[in-house]
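S.K.: Here it is, the structure in full.
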Amino acid sequence: MKTKNKRQGFSLIEVLIVLAVLAVLYLLIFPTIISQLAKANDARRKLDFNLIAKSLEQAYDSIGYYPQTLPVCDQPLILNGNNYLTSIPCDPKTKIAYFYQSDGSENSSWFKLYARLERSDDKTIDMIGCRYGCGPDCKYNLGVSSPNIGLDYCLPDVTPTPIPTGPTSIPSTPTPILYACSPSASSGGHCEIYDDPALSECPKVYPNDPTCAGECGVKENRCQNAKGKHTPE
């Protein structure tokens, strides 16, 4: 008695169906995976900045200055024979060192540290005033600096255009107004307009937010002086 042969392999239609299902799953899951990886990388960058800044401040409190440059990635931060950080972290994605600035001297009086977050919707970008970029060439949106100096803030390029007179006219992009917390301790500080927040060593900048997010009551959020405050014409 003859027996039927067992079916071997898959038909072309079945293979195509499987591939189509995998393609749909890829389109649905892959963007989520990429977003979560970017979020994790950004969280790592912010942790790295806190770690580096804390170590630099510890060094400053001990020896009275900041280093001219930072060691290369994964190397210790050793100053005057003291180890202030076992391993300097680098960018989790590019594996390149974060951008570090000092006054150029061996015993620097200040420092600035910059990086770029992958997620443009990260609230930290607006909190520190880097929505339009910070640092050299405005290519960074994450930064931290020593308490005696502010970050280098950038504003959007605005090309003057004619005042709209018809349906085809294109209005110009408005320049954001920069608000920051004044150094005055009276009434818990005030949110005021600053033409140059960096000159006043403002730790936080609030573009187009006349309330400064209600954070002026915290001393650490206030500018160090009023040099860069807006003066009405």
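The values are calculated or read from the model by the stated rules, or taken from the named source; none is laboratory data. Computed from a predicted structure; not experimentally measured. We place every Cβ from the backbone using ideal geometry, glycine too, and count neighbours over all the protein chains shown.
S.K.: So, Tyr194, is that one at pLDDT below 90 and within 25 Å of Leu51 (Cα to Cα) or not?
M.R.: Details: at pLDDT below 90: yes; within 25 Å of Leu51 (Cα to Cα): no.
Against the criterion (at pLDDT below 90 and within 25 Å of Leu51 (Cα to Cα)), Tyr194 does not qualify.
S.K.: Within the stretch 83-94, is even one residue among the hydrophobic types (A, V, I, L, M, F, W, C) and more than 17 Å from Gly143 (Cα to Cα)? If you could, list the steps in order and put the result at the bottom.
M.R.: Within the stretch 83-94, the first condition is being among the hydrophobic types (A, V, I, L, M, F, W, C), and the residues that meet it are 85, 88, 90.
Cutting the leftovers down to more than 17 Å from Gly143 (Cα to Cα) gives us 85.
Within the stretch 83-94, one or more residues are among the hydrophobic types (A, V, I, L, M, F, W, C) and more than 17 Å from Gly143 (Cα to Cα).
S.K.: Here's a follow-up. Within the stretch 52-76, work out how many residues are aliphatic (A, V, I, L, M) and either out of contact with any strand residue (DSSP E or B) (no Cβ under 7 Å at 6 or more places or on another chain) or more than 16 Å from Phe99 (Cβ to Cβ) (or both). Outline the logic, then answer.
M.R.: Narrowing the stretch 52-76 to residues aliphatic (A, V, I, L, M): 52-53, 56, 59, 63, 70, 72.
Within this subset, residues satisfying the condition of being either out of contact with any strand residue (DSSP E or B) (no Cβ under 7 Å at 6 or more places or on another chain) or more than 16 Å from Phe99 (Cβ to Cβ) (or both) are 59, 63, 72.
Qualifying residue count, the stretch 52-76: 3.
S.K.: Cβ-Cβ distance below 9 Å, separation of 6 or more or different chains: which pairs start in the stretch 60-71 with a residue that is farther than 16 Å from Ser145 by Cα and end on one that is among the aromatic types (Phe, Trp, Tyr)?
M.R.: Hits for this filter: Ser62/Tyr84.
Quick grid of which residues meet (1) exposed (fewer than 12 other Cβ atoms within 10 Å of the Cβ); (2) more than 24 Å from Thr124 (Cβ to Cβ); (3) in contact with a helix residue (DSSP H, G or I) (Cβ under 9 Å, 6 or more places away or on another chain); (4) of a type in the set (Gly, Ala, Ser):
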{"position": "Ser55", "(1), (2), (3), (4)": "no, no, no, yes"}
{"position": "Ser62", "(1), (2), (3), (4)": "no, yes, no, yes"}
{"position": "Pro67", "(1), (2), (3), (4)": "no, yes, yes, no"}
{"position": "Val72", "(1), (2), (3), (4)": "yes, yes, no, no"}
{"position": "Pro89", "(1), (2), (3), (4)": "no, no, yes, no"}
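S.K.: Residues of the stretch 213-233 being more than 20 Å from the chain's Cα centre (by Cα) and part of a loop (DSSP other than H, G, I, E, B), which ones?
M.R.: Of the stretch 213-233, the ones more than 20 Å from the chain's Cα centre (by Cα) are 214, 216-219, 224-233.
Residues satisfying the conditions are Cys216, Gly217, Val218, Gln224, Asn225, Ala226, Lys227, Gly228, His230, Thr231, Pro232, Glu233.
S.K.: Would you be able to say whether some residue in the stretch 51-67 is part of a loop (DSSP other than H, G, I, E, B) and within 23 Å of Trp110 (Cβ to Cβ)? Explain how you work it out, then say what you get.
M.R.: Restricting attention to the stretch 51-67, the residues satisfying the condition of being part of a loop (DSSP other than H, G, I, E, B) are 64-65.
Within this subset, residues satisfying the condition of being within 23 Å of Trp110 (Cβ to Cβ) are 64-65.
Yes: the stretch 51-67 contains one or more residues that are part of a loop (DSSP other than H, G, I, E, B) and within 23 Å of Trp110 (Cβ to Cβ).
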